[in-house]
Amino acid sequence: MQLHKSEVLAIDSRIKSCIVENPDTVSDKYYCKVFFSYMLDGVFRADGRHEFSSTCKDNLLQQISDFINKPHHFKLCANS
């Protein structure tokens, strides 16, 4: 199965961008880096990023969703 940027961005509006490695290639390894904004100690930051990889597309999408929705020591911000 192919993984497209639109599938990652549809997970949550707080994901402002992403990079999907080889989006048009059927692969046995999926890799994605998501970018987001966040607040830390009352300071807005636009440089949030996290990398994900999996051998299963559905698992990778679930990993991203879990990361976005779990509690952090920072607050994820909606896109402006």
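The values are calculated or read from the model by the stated rules, or taken from the named source; none is laboratory data. Just so it is clear, the structure is predicted and the values come from calculations on it, not from any experiment. Virtual Cβ from ideal backbone geometry, glycine too; neighbours counted across all protein chains shown.
The residues of segment 48-63 that are charged (D, E, K, R) and modelled with pLDDT under 95, listed by number, are Lys57, Asp58.
For segment 13-34, the candidate set comprises residues that are touching a Ser or Thr at 6+ places or on another chain (Cβ under 7 Å) and either part of a loop (DSSP other than H, G, I, E, B) or of a type in the set (Lys, Arg) (or both); within that set, the residue that is surrounded by the most Cβ atoms within 10 Å (Cβ to Cβ) is Lys16.
Based on what the data block shows, is Ala46 touching a residue at least 60 places away in the same chain (Cβ under 8 Å) and loosely packed, with under 13 Cβ neighbours inside 10 Å? Considered against the rule, which asks whether it is touching a residue at least 60 places away in the same chain (Cβ under 8 Å) and loosely packed, with under 13 Cβ neighbours inside 10 Å, Ala46 comes out as no.
Taken over segment 39-79, the criterion of being touching a helix residue (DSSP H, G or I) at 6+ places or on another chain (Cβ under 9 Å), among the hydroxyl-bearing types (Ser, Thr, Tyr) and within 15 Å of Cys18 (Cα to Cα) is satisfied by Ser53 alone. In summary, Ser37 fulfils each of the numbered conditions (1) assigned to a strand (DSSP E or B); (2) on the phi > 0 side of the Ramachandran plot with the single exception of condition (2).
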